[in-house]
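Here the structure is laid out as structure tokens; the discussion comes afterwards.
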Amino acid sequence: MSYIRQVILSLTNMEEGKNFRSITDYFNMLNMIYYILVGIPLVLFLFIYLNYKESLSTNGFLQMEHLYVKLAIVLMGIADVLTGEQIFKNKMKRDFSQFFLQSKLHFYFQASLIRYAGYFIASIVTVVIFYFFIEGIFVALYMIVLFSFSLIRPTKKRIIAINIFTEEEINTINKEDIIP
């Protein structure tokens, strides 16, 4: 319960360092947000898929009705992911040499939320449109977004690979036992 409260507080009031007491707090919160953003569309997708799989076999991969609308939605899903990635990369290009570890973690946390939001929006849009059209193209698109989302799961290795930390900070991060 305290983590859920902390998520809500951190999302509504992102003053630097106010809600996090340690590196573990940053990573635990980031992991929890990540899994919530992956889990919500996944549960919705499974619910829709299991209830309408007979219609899916009837409708096939792509019907030509409303083709432009479907293609626009596919492009919108791709654009959501690419926009989130681009914003994340632009925020990470900053010079972090004068920042303390907590400031770097806070900045990475905020940039990651934007990145995850792009994937979340693409997932939700794909699942909702799948509900309306029940076609295989939206299953395929959702699977691609889900797979791509799984590639950015916050791990020590991926966080360190951003190259904003000094050797001493990397050693401190590696000492954390909580994150994978």
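The values are calculated or read from the model by the stated rules, or taken from the named source; none is laboratory data. Values in this document were obtained by computation on a predicted structure and should not be read as measured data. Because the Cβ atoms are built from the backbone with ideal geometry, glycine has one as well, and the counts that use them run over all protein chains shown. Note: areas computed on protein heavy atoms with side chains; ligands, DNA, RNA excluded. Shrake-Rupley method; radii C 1.70, N 1.55, O 1.52, S 1.80 Å.
Suppose R0 equals 25 Å. What FRET efficiency, 1/(1 + (r/R0)^6) with r the Cβ-Cβ distance, do Tyr131 and Gln86 give to the nearest 0.05?
Calculated transfer efficiency: 0.30.
Heavy-atom accessible surface of region 82-180, averaged per residue, reaches 51 Å², computed with a 1.4 Å probe. Which percent of the accessible area of region 27-180 is formed by carbon and sulfur heavy atoms (probe 1.4 angstrom)? C and S fraction of accessible area: 66 percent.
Its Kirkwood hydrodynamic radius, worked out from the mean inverse distance over all distinct Cα pairs, puts region 61-180 at 16.2 Å. Ellipsoid semi-axes for region 78-132, based on the Cα gyration tensor and the rule √(5λ), read 30, 11, 4 Å when sorted largest first.
Calculate the dipole size of region 24-130 relative to its Cα centre from +1 charges on Lys and Arg beta carbons and -1 charges on Asp and Glu beta carbons; express the result in debye to the nearest 20.
Working: 8 positive and 6 negative charges, 69 e Å.
For this selection, approximately 340 debye.
Loop-located GluC sites (Glu not before Pro) in region 81-180 (DSSP state other than H, G, I, E, B) with a sparse environment of at most 15 neighbouring Cβ atoms within 10 Å: Glu176. Using bins of 5 Å that start at zero, the share of Cα-Cα pairs per bin across region 32-130 amounts to 2, 12, 17, 17, 16, 12, 9, 6, 4, 3, 2, 0, in whole %.
Ignoring ligands, DNA and RNA, how do Arg158, Arg21, Arg115, Arg94 rank by accessible area with a 1.4 Å probe, largest first?
Details: Arg158 90, Arg21 200, Arg115 35, Arg94 115 Å².
Result, largest first: Arg21, Arg94, Arg158, Arg115.
When the surface is traced with a 1.4 Å probe over the full set of protein chains, Met29 keeps roughly 0 Å² accessible.
Just list whichever of Lys70/Lys104; Lys89/Lys175; Lys70/Lys93 have alpha carbons separated by over 30 Å in the model shown. Working shown, then result.
Details: Lys70/Lys104 40 Å; Lys89/Lys175 26 Å; Lys70/Lys93 35 Å.
Checking Cα-Cα distances, Lys70/Lys104; Lys70/Lys93 exceed 30 Å.
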